[in-house]
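Undergrad: Quick one: the structure is below, and I'll ask about it shortly.
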Amino acid sequence: MKLSRSNFHTGRAKWFVLCVAVIFLSIVTAGLLGVRWNPTSSLPPGLYRVVSASTDTNLIAFCPTGIAQRDSILRGYRPHGMQCADHYAPIMKPIAARPGDTVLVTKKGIAVNGKPLANTQQFIADSQKRPMNPWPEGTYRVAPGTIWVLSTYSKYSYDSRYYGPIEVSQVIAHVKPLWTEK
């Protein structure tokens, strides 16, 4: 059989569709097998595996509520996804403060139990020049059933410096890096 130009393009189209299908199924299967993809700059981009909660699991995935939910969707901080009830992807962040800890919020940054955290300065505008509403300055004691999530990886992270503590009930998974760019 002679391979014509139209057969060649049809063959390439079939391979393209097959490759897209394999990639899509791989992503879906990874999600079902406990692997999460992080495309944001709050943590190193890459794959994270779901692990059981323990004292050494400092990274979480959570479905935001209230102002954090609204702003993260309106500003495009979260891609569409299937894990949260709002049909957007969960947010992955490090836990910075747990119940009983003391959090000091200032314009220059946040300190937990007296230790300043890098890259936690509050900004009045995001990268698109849209106004941000920083959490009020002050000293906070982390209440039972809540945690503070703060990225020291990225100084522009949308985290507790803007929406304060989150409810532990919002956490859907504890994660550890599986493969990341850094």
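Each reported figure results from applying straightforward, stated rules to the coordinates on display, with no laboratory input. What you are looking at is a predicted structure, and each value in this text was computed from that prediction instead of being measured. We place every Cβ from the backbone using ideal geometry, glycine too, and count neighbours over all the protein chains shown.
Undergrad: Extension gain Asn133-Thr65, at 0.36 nm per residue separation less the Cα-Cα distance, in nm?
TA: So the chain would gain 22.9 nm between Asn133 and Thr65.
Undergrad: Still on this structure, please answer the following. Mind listing the long-range amide H neighbours of Gly109? Cut-off is under 5 Å, sequence gap 5 or more, other chains count too, H placed in the peptide plane at 1.01 Å from N.
TA: Gln122
Undergrad: Just to be sure I understand the model, the point goes 7 Å from the Cα along the line to the Cβ. What's the resulting Asp126 to Asp101 distance in nm?
TA: Rounded to a tenth, the inter-label distance reads 2.4 nm.
Undergrad: Only counting other Cβ atoms within 10 Å, I'd like Trp179, Trp148 sorted with the fewest neighbours first.
TA: Trp179, Trp148
Undergrad: Here is a further query. What does the charge count near Tyr162 come to, summing +1 for each Lys or Arg and -1 for each Asp or Glu among other residues with Cβ under 10 Å from its Cβ?
TA: Numbers: positive: Arg161; negative: Asp71, Asp126, Asp159.
With Lys, Arg at +1 and Asp, Glu at -1, the neighbours total -2.
Undergrad: Sort Asp159, Asp56 so that the residue with the fewest other Cβ atoms within 10 Å of its own Cβ comes first and the one with the most comes last.
TA: Asp56, Asp159
Undergrad: A further question follows. Rank the residues Ser52, Ser72 as a footprinting-exposure proxy: fewest other Cβ atoms within 10 Å of their Cβ go first. Provide the component values of the computation, followed by the final result.
TA: Numbers: Ser52 7, Ser72 19.
Ordered by Cβ neighbours within 10 Å, fewest first: Ser52, Ser72.
Undergrad: Cβ neighbours within 10 Å, averaged per peptide: list 40-48, 90-98 in order, most packed at the top.
TA: Descending packing order for the listed peptides: 90-98, 40-48.
Undergrad: Lysine pairs, Cα distance under 14 Å, 8 or more residues apart or cross-chain: how many in the range 34-180?
TA: 4
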